[in-house]
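Below is one structure, written out as structure tokens, with a few remarks after it.
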Number of protein chains: 2
Amino acid sequence: MRRIPKIFSLLTLLLVVATVQGQERTLAERLGYPRDAKLIIVHADDLGMAHSVNLASTKAFSTGLVTSGSIMVPCPWLPEIAAYARANPQADLGLHLTLTSEWTQFRWGPVAPKDRVASLLDPNGYFRLTESEAAEKADPKEVELEIRAQIERAKALGIVPTHLDSHMGTLYQNKALFEVFLRVAREYKLPVRVATSWFTRADFVPEVVKPDDVFIDRVLDINPSVAPQDWATFYSDALRKLEPGVTEIVIHLAYDDAEMRGATSDHPAWGAAWRQRDFDFFTSEAFRKVLQENNIKLITWRDIGKLIGK
Amino acid sequence: MRRIPKIFSLLTLLLVVATVQGQERTLAERLGYPRDAKLIIVHADDLGMAHSVNLASTKAFSTGLVTSGSIMVPCPWLPEIAAYARANPQADLGLHLTLTSEWTQFRWGPVAPKDRVASLLDPNGYFRLTESEAAEKADPKEVELEIRAQIERAKALGIVPTHLDSHMGTLYQNKALFEVFLRVAREYKLPVRVATSWFTRADFVPEVVKPDDVFIDRVLDINPSVAPQDWATFYSDALRKLEPGVTEIVIHLAYDDAEMRGATSDHPAWGAAWRQRDFDFFTSEAFRKVLQENNIKLITWRDIGKLIGK
């Protein structure tokens, strides 16, 4: 019973890949760069989560080395980052659509009324701790209601999002959620964090994407197995080996301060020290030098968004 | 048209005062102390609001000089203080029932589903900024739904509240809200922050209180007009002049750190430096000495609660 859909999805995959490859121009070329250009979006996740995240991320934006970020609308420090967005309309800010609340001391819940998104919540009314549990239990209709509520609250606060992505990847966990994600993104004419390198990662990806969707080539993020002292080496090596095309480097910025240590005390991965290390590398002259030496250009989601519908 | 109710409320006031004064024993005596005993509850407000508040307040509890606190259930750091409450079941923790969200960079909304408490919310789904606007627009039925939801969430997280009070005094703003407050408190058999010294402050207070309710004698808090360098002098003088009976000293504890400065940046009154000054005085040897020299005893809301229904 699964064979016919499998064959169809293989055909769809081939068609999409053929369409992408058969286009006269690569994404880099469509953006006005040569075919072999190395283009990166340096993207800070989790804006709005904590004051420390907002402070470190906006400081990093001011260096020009971190180009983009995405905002968690359900989080308590949203108004602070919304004020930044209103004061900096050129900033490349998207929404980090949020369906999980992963820390244990410090939590948040939905933007939509709780009784209309009950499948997204734990018994205390917070989002669930993990993306796998969130995806397994979420009713896709309630997910759609909630992510639309997040987009509308952001817009009401004066944020004009340039892109959408998904906190902890919850919206990439299964076909039904991924369909909701892409449908809502298409309706708002916003690009999403989806890479063509992911097309073979899950059966459902080629079943859901459409030839008109615009996807970047790949996403790069650091692995929890990298030792703290190897942080700069990991990123520098990855940049030296970077392939042509559009790569998003997903990073997590904050200061290693009391607030952040309190929030992340039980999560060394993506914790306060981790975020400080990301801040230190991506605001450093060493990073600027690696970009120059390897002829890597910084672009933004705003650039990608201009291709939507074209 | 207002005269007849006025006369009734005057009569009720006289009846309540007469009842209180006519009792054989004062509150101090009912608590097992001499009639002229000077008893204080040193009470930290706003627990759960921020990590800095939780850290400073629990540190202050560990000195034994700050006896009590109350928790803001809608706030993001509730789980951290709930974990403290579970680990310290002897702690004197109540609920700081919350219907306002007064900072502009950092906000929170209701525990009840948003669409069932719409009268409590601003257009972005947060509680309103001020207690006067909150009280003016709040439907008392929705207030009751929300404060019951706050109590039930606290209990679900393992908090066994010893008392109730009202963040920014919203529930004392008018008769309808005050009635809701006392009705819910009576149902849960919890004492409330109401002082007999307030009985003449608003017409509706004597109309709502009942002879079986247990009230403390007075509440003391610092005034925003006190200069920072006069903080210790203000409190020390107030303690030296303290009248007999039960006084609650309402304080606000936090560290003057990045998180707290970020949260309170547009509110010098009750801001980060204010809270650090409260922390510094109420955890000091100077405070301990004033208590000893003036024979002032520390008591808790747990002590008061034992009188409910007796």
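Being closer than 20 Å to A:Ile308 by Cβ and of a type in the set (Gly, Ala, Ser) holds for only one residue in A:Ala138, A:Ala149, A:Ala134, A:Ala154, and it is A:Ala154.
For first residues located in region A:110-123 and touching a residue at least 12 places away in the same chain (Cβ under 8 Å) and farther than 20 Å from A:Cys75 by Cβ, partners that are of a type in the set (D, E, K, R) and outside any helix (DSSP H, G or I) and lie 6+ apart or on another chain with Cβ distances below 8 Å form the pairs A:Ser119/A:Asp139. Just checking, does region B:233-247 include any residue being touching a strand residue (DSSP E or B) at 6+ places or on another chain (Cβ under 9 Å), at pLDDT 95 or above and under 15 Å from B:Ser68 (Cα atoms)? The answer is yes, given that some residue of region B:233-247 is touching a strand residue (DSSP E or B) at 6+ places or on another chain (Cβ under 9 Å), at pLDDT 95 or above and under 15 Å from B:Ser68 (Cα atoms).
Condition check for A:Lys289 on (1) under 30 Å from A:Glu179 (Cβ atoms); (2) assigned to a helix (DSSP H, G or I): one failure, at (1). Condition check for A:Asp115 on (1) assigned to a loop (DSSP other than H, G, I, E, B); (2) at the interface with another protein chain (Cβ under 10 Å from one of its Cβ atoms); (3) among the acidic types (Asp, Glu): one failure, at (1).
Here region B:7-55 is the region considered, the condition is being loosely packed, with under 12 Cβ neighbours inside 10 Å and at pLDDT below 95, and the residue that is nearest to the other protein chains (Cβ to nearest Cβ) is B:Arg25. Applying the criterion of being surrounded by fewer than 23 Cβ atoms within 10 Å (Cβ to Cβ) and outside any loop (DSSP other than H, G, I, E, B) to the residues of region B:253-267, the residue that is nearest to the other protein chains (Cβ to nearest Cβ) is B:Gly262. Reported count of residues in region A:280-310, each being under 26 Å from B:Asp256 (Cα atoms) and touching an Asp or Glu at 6+ places or on another chain (Cβ under 9 Å), is 0. With respect to the stated conditions, B:Lys189 is outside any helix (DSSP H, G or I), at pLDDT 95 or above and on the phi > 0 side of the Ramachandran plot. Total residues in region A:108-138 satisfying the condition of being within 18 Å of A:Leu182 (Cβ to Cβ) and more than 18 Å from the chain's Cα centre (by Cα): the figure is 1.
Quick check on region A:155-166. Is at least one of its residues in a strand (DSSP E or B), among the aliphatic types (A, V, I, L, M) and over 24 Å from A:Glu133 (Cβ atoms)? Within region A:155-166, none of the residues are in a strand (DSSP E or B), among the aliphatic types (A, V, I, L, M) and over 24 Å from A:Glu133 (Cβ atoms).
Residue-wise test of (1) buried (at least 19 other Cβ atoms within 10 Å of the Cβ); (2) more than 13 Å from chain A (Cβ to nearest Cβ).
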| residue | (1), (2) |
| --- | --- |
| B:Tyr126 | yes, no |
| B:Lys155 | no, no |
| B:Ala176 | no, yes |
| B:Val209 | yes, yes |
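From the list B:Thr170, B:Thr196, B:Thr130, the one residue that fits, being away from chain A (no Cβ under 14 Å), surrounded by fewer than 22 Cβ atoms within 10 Å (Cβ to Cβ) and closer than 30 Å to A:His51 by Cβ, is B:Thr130. Scanning region B:133-151 for residues that are surrounded by fewer than 21 Cβ atoms within 10 Å (Cβ to Cβ) and more than 10 Å from chain A (Cβ to nearest Cβ) turns up B:Glu133, B:Glu136, B:Lys137, B:Asp139, B:Pro140, B:Lys141, B:Glu142, B:Glu144, B:Leu145, B:Arg148. Kindly evaluate B:Ser70 against the criterion of being closer than 29 Å to B:Leu157 by Cβ, outside any helix (DSSP H, G or I) and of a type in the set (Ser, Thr, Tyr). Yes. Looking across A:Val246, A:Val250, A:Val290, one residue alone is β-branched (Val, Ile, Thr) and in contact with a Ser or Thr (Cβ under 8 Å, 6 or more places away or on another chain). It is A:Val290.
Restricting attention to region A:169-185, does a residue exist that is touching a strand residue (DSSP E or B) at 6+ places or on another chain (Cβ under 8 Å), without any contact (Cβ under 8 Å) to a residue 24 or more places away in the chain, within 23 Å of A:Glu243 (Cα to Cα) and hydrophobic (A, V, I, L, M, F, W, C)? No, every residue in region A:169-185 fails to be touching a strand residue (DSSP E or B) at 6+ places or on another chain (Cβ under 8 Å), without any contact (Cβ under 8 Å) to a residue 24 or more places away in the chain, within 23 Å of A:Glu243 (Cα to Cα) and hydrophobic (A, V, I, L, M, F, W, C).
Of everything in region B:212-240 that is more than 27 Å from B:Leu307 (Cα to Cα) and part of a loop (DSSP other than H, G, I, E, B), the residue that is nearest to the chain's Cα centre (by Cα) is B:Ile222. Within region B:73-102, restricting attention to residues that are part of a loop (DSSP other than H, G, I, E, B) and surrounded by 24 or more Cβ atoms within 10 Å (Cβ to Cβ), the residue that is farthest from the other protein chains (Cβ to nearest Cβ) is B:Leu99. When B:Thr58 is tested against (1) in contact (Cβ under 8 Å) with a residue 40 or more places away in the chain; (2) in contact with a helix residue (DSSP H, G or I) (Cβ under 8 Å, 6 or more places away or on another chain); (3) within 14 Å of chain A (Cβ to nearest Cβ), exactly one condition is not met: (1).
For (1) touching a Pro at 6+ places or on another chain (Cβ under 9 Å); (2) within 30 Å of B:Ile81 (Cβ to Cβ); (3) not basic (Lys, Arg), each residue gets a yes or a no:
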{"residue": "A:Trp270", "(1), (2), (3)": "yes, yes, yes"}
{"residue": "A:Phe281", "(1), (2), (3)": "no, no, yes"}
{"residue": "A:Lys289", "(1), (2), (3)": "no, no, no"}
{"residue": "A:Gln292", "(1), (2), (3)": "no, no, yes"}
{"residue": "A:Asn295", "(1), (2), (3)": "no, no, yes"}
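The residue list A:Val205, A:Val214 contains one member that is crowded, with 16+ Cβ neighbours inside 10 Å and touching a Pro at 6+ places or on another chain (Cβ under 9 Å), which is A:Val214.
The values are calculated or read from the model by the stated rules, or taken from the named source; none is laboratory data. Model, not experiment: these values are computed from the prediction. Note: ideal-geometry Cβ built from the backbone for every residue, glycine included; neighbour counts use all protein chains shown.
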